């Protein structure tokens, strides 16, 4: 198990090296995928490497010229890294206009980082309508054309179908992992759980799938564990801050489920079957539920979280609120009400990729752990 985790850690701590290695070994290019949903299968079908871009802990300097102080923390970090050359191994980036700040980022990228091609993508919010599906197919056709310009050859539809199957297998494997991790919550601590999921953003999905399958096999060979601490579900955009994960572990809190855009939302919805590859990808967007970025007049997210909490006998829910994230902030009052009306304790923790001090979060999490112990 240590060898598997060590390989994943190496990739997460130095994604640039992983990208360079892939390019040197294959002679192919790499494409950056900004949050939250990108058609990675089209990139994969071209033989190029899709690379997840979710910002990181960094101080802002150059990005201040393009964004106001109240812009989303992730987008500011992403632009800062782009301006400082961290993404120079990429031949292009897909930036979906899924929120106001992502739309601004796409426009800023064209002038701030002109040497890395910007590929625009707009998801329809009336996604359940056939008109919405047709619109997204046309958007994906545009993305495909832009990617073909970068790679220099046509991306065959048969290859996209093959890539969809590769990705669906990866999604299934990741769903299997989070279920097995739940049964081994003392071994799979919050930082390890995050590492396993995050490493998939910097590797070919086939390779990551095999690593995770090996890890699952090793966990299944061990006896199931009774959680030694309190069990929580994390919801929000992301929670990959080392400080926050360490604070959870320091307070004997196990993450046994999540509703994070960077984690489970990435793999809980398969691409459906069908004859047209791009239509299959478009219909996946129609099928996504419980995400703040996907229009949902029935607001199912709260009930989905409550169902998961009851299913796994979870002690509490932590809202990992990305600083200045409008879609998540709009959802928060409604989702919190659904959860608390079901008698489930909740905690609000602000996630800021520019902060150097998480002591306030430490105090709040420590108090929450004590509250759950008394419940």
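The values are calculated or read from the model by the stated rules, or taken from the named source; none is laboratory data. Please read all numbers here as calculations on a predicted model, not as lab measurements. Neighbour counts are summed over all protein chains in view; Cβ atoms, including those assigned to glycine, are modelled from backbone coordinates with ideal geometry.
Mind checking which residues of the range 281-294 are under 15 Å from residue 96 (Cα atoms) and part of a helix (DSSP H, G or I)? Across the range 281-294, the qualifying residues are 281, 282, 285. If you check residue 351 against the conditions, is it crowded, with 18+ Cβ neighbours inside 10 Å and over 22 Å from the mean Cα position of the chain (by Cα)? Taking the combined requirement at face value, the residue does not satisfy it.
For first residues located in the range 1-15 and farther than 12 Å from residue 211 by Cβ, partners that are assigned to a helix (DSSP H, G or I) and modelled with pLDDT of 95 or more and lie 6+ apart or on another chain with Cβ distances below 8 Å form the pairs 12/195; 12/198; 12/199; 12/202; 15/201; 15/202. Answer with yes or no whether residue 297 is more than 20 Å from residue 344 (Cα to Cα), assigned to a loop (DSSP other than H, G, I, E, B) and out of contact with any helix residue (DSSP H, G or I) (no Cβ under 7 Å at 6 or more places or on another chain). The answer is yes for residue 297. Filtering 373, 303 for residues that are at pLDDT 95 or above and either in contact with a helix residue (DSSP H, G or I) (Cβ under 9 Å, 6 or more places away or on another chain) or assigned to a helix (DSSP H, G or I) (or both) leaves a single hit, 303.
Between 167, 153, 118, 140, the distinction of being outside any helix (DSSP H, G or I), in contact with a helix residue (DSSP H, G or I) (Cβ under 6 Å, 6 or more places away or on another chain) and either at pLDDT 95 or above or surrounded by 21 or more Cβ atoms within 10 Å (Cβ to Cβ) (or both) belongs to 118 only. So how many residues does the range 269-311 have that are touching a strand residue (DSSP E or B) at 6+ places or on another chain (Cβ under 9 Å) and exposed (fewer than 15 other Cβ atoms within 10 Å of the Cβ)? Summing the residues that are touching a strand residue (DSSP E or B) at 6+ places or on another chain (Cβ under 9 Å) and exposed (fewer than 15 other Cβ atoms within 10 Å of the Cβ) in the range 269-311 gives 1. What residue, among those in the range 28-61 that are modelled with pLDDT under 95 and over 17 Å from the mean Cα position of the chain (by Cα), is farthest from residue 199 (Cα to Cα)? This residue is 61.
Please find, within the range 69-90, the residue that is nearest to residue 149 (Cα to Cα) out of those that are more than 16 Å from the chain's Cα centre (by Cα), crowded, with 19+ Cβ neighbours inside 10 Å and in contact (Cβ under 8 Å) with a residue 40 or more places away in the chain. Step by step, filter the range 69-90, then rank; the result is 90. For the range 60-93, a residue qualifies if it is more than 15 Å from residue 117 (Cα to Cα), in a loop (DSSP other than H, G, I, E, B) and in contact with a strand residue (DSSP E or B) (Cβ under 9 Å, 6 or more places away or on another chain), and exactly one does: 72.
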